[in-house]
1. Report for the chain the percent antiparallel among DSSP-assigned beta bridges with both residues inside it, nearest 5.
2. Between the range 504-547 and the range 234-264, what is the separation of their alpha carbon centroids in Å?
3. Please figure out what share of the DSSP beta bridges in the range 293-440 is antiparallel and state it in percent, rounded to the nearest 5.
4. Which of the peptides 206-212, 327-333 is most tightly packed, and how do the rest follow, judged by the mean count of other Cβ atoms within 10 Å per residue?
5. Compute the accessible area per residue over the chain, keeping the other protein chains in place, probe 1.4 Å, unit Å².
6. Counting pairs of alpha carbon atoms under 8 Å apart in space and at least six apart in sequence, what relative contact order in percent does the range 37-152 give?
7. Apply the Karplus parameterisation 6.51 cos²θ - 1.76 cosθ + 1.60, with θ equal to phi minus 60°, to every residue of the range 104-116 and state each ³J(HN,Hα) to the nearest whole Hz, in sequence, with x for glycine and proline.
8. Counting helices only, and only those DSSP H runs with n ≥ 4, report the 222 nm mean residue ellipticity of the chain as the sum of -39,500 (n - 2.57) divided by its residues, in deg cm²/dmol to the nearest 500.
Amino acid sequence: MDDETRTPEPEAPAASAEAGAALAPGPPDLIRLLARETGAEEAELRKLRDQAAASGQSFDRILLQRGLDEAAVLRAFAEDLEMDFVPSLAGTRVPTEFVDRVPLAFARAHDMIAIAREGGVFRVACAHPLDLHPQDDLASMLPGKVEFVLAPRNEITEIINRAFRHRADGVDEALEDLEDTDIAGLVSEIDTGEDLLDVANKAPIIKLVNSILFQALKLRASDVHFQPYVDRLQVRFRIDGILYDMESIPKTAQDAVLSRIKVMGRMDIAERRMPQDGRATIRVGDGEVDVRISIVPTSEGERAVLRLLDKTAKVFTVDELGLDEQNRATLEQYIRYPHGIVLVTGPTGSGKTTTLYASLSRISTGDKNILTIEDPVEYQLDGISQVQVNTKKGLTFAAGLRSFLRQDPDVMMVGEIRDVETAEIAIRAAITGHLVFSTVHTNDAPSTITRLIDIGVEPYLVASSLVLVVAQRLVRTLCPSCREWIEPDSTMRGELMDIGVDLEQLPEGKVAVSRGCADCFQSGYQGRTAIYEMLPMVEEIRTMVMNRATASELKRAAIDNAGMRTLRMDGVRKVLAGETSPAEVVRVTQLDAV
């Protein structure tokens, strides 16, 4: 009996250990990780997980569809799956084996790109941690082991575009098949949001146009020109503000190509003597791109220009606009004013809308009623009501702005002040307690004030309503892949003197240059940033406006009394920081005549 009573004794420590293990904190499950990273409620996350299981969609995609922050979601999945999370892929070089072996359509469709090869292991960034079948397919394409990491989708897309930009994209193949130029075959109803990647079994002309548009999107082109010459139809891309000649299409295919573009824009293909405008929506994988089409007749045939607006492109934040500390503090101060007018000025394509969207996004905190009227609505902003101008129905900027005043607004944005009627309504709104954002077309900030007076606005109204004028231009940034710091030669010294830089100002006596490489299309530039000129309406400036001072007098006073830096001064700052070149600053700015 004694032996029997003693037999349980050795088991007591084991039982105690089990109880301790049960009480000890285990690894956090995915729901708790997601709640911690995203701030969402665990109960809501469990509902979404059940919804994903019932619908057959992956859990991570359901979370993103509900608007949860992508970086936070990926951080949680990375910790749960014991994977690395890479928030930025800047400076990444894609192994050539990946570009050679993996089809572009596959990389785009599944958001996967190799970011390094160490030994025989490919390090591949992906945006969808639960897409296991595509991951297996990719592993079978590459000659080595694959290690997956997680990265944001927009970072992966940018690297894919850069890595595959020099592939032929099917353009050469489509050009070889252009014997079939049957225009009648093109007059079929275009699918809503046709996918550019879907070129199988398409007519050669359709395949050619789709391939050209796809190539344009990969190269970050903002516009595609189809320009007719005597012997050819020349395709040109505007990349970072500069036009580049691309493919040349045989003259015999010109009418078929233009007809295809007209079909896309739902225009009259029989009309060849009058200008026409149209719009289309195309898809690239799961992303949509708006295309605005303009066709005009020329002596060599019809010419088409297509403006590409990528709906999936992110809206920049104020922190990403290229502002230095002084200009950012100025902008942040005035966009939070309870009432007044903030004007952004510059030529077409200078980034005015981007600055306005970033400003609206910064102050859109849910406690303000924000309304915009635009032509067109370029990007959708969460929490902001956006109205599209429709001149045929009488919905102009002035009419829209007038109706906004009955919508109990806090903040309003009007796409452009073109006439005295719109200007006076905006000023009335500002004086009656609303914050108004808008754009005008002038050369610099001081001339904006004189422009408003010239179109018929009384000086006292301008002085009492305007709070800030922002002039801006876009300059190309030096390619980071081939940028180097050198001591300036005689030519460079001359360019530096043109923008007012003394050699003593150069950091260590050197200036940044980019020679050109495969990553930047041999141009030496990749991407753009903005330079700014900010004119706050301080008391001295208001008094001068009341006295109808000239633009040059306002400019001199703004530099002396309001701390304004001109566009060229801000450009010099970016040259000294190695962001852009003196030639770019000279290209987009004028001499500071004060």
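1. About 65 percent, rounded to the nearest 5.
2. 33
3. Numbers: 7 of 25 bridges.
Here the antiparallel bridges make up roughly 30 percent for the range 293-440.
4. My ranking of the peptides, most packed first, is 206-212, 327-333.
5. Numbers: 27970 Å² over 594 residues.
Per residue, the chain has 47 Å² of solvent-accessible surface.
6. 27
7. So the Karplus estimates, Gly and Pro as x, are 4, 4, 5, 4, 5, 5, 10, 6, 9, 8, 6, 10, 5 Hz.
8. Values: 24 runs with 231 residues, N = 594.
After summing the helix terms and dividing by the residues of the chain, the value is -11500 deg cm²/dmol.
The values are calculated or read from the model by the stated rules, or taken from the named source; none is laboratory data. Note that the structure is a prediction, hence the values are computed from the model and not measured. When we count neighbours, we look across all protein chains shown, and the Cβ atoms used for this are built from the backbone with ideal geometry, even at glycine. Ligands, DNA and RNA are excluded from the accessible area calculation, which covers all protein heavy atoms including side chains. Shrake-Rupley method; radii C 1.70, N 1.55, O 1.52, S 1.80 Å.
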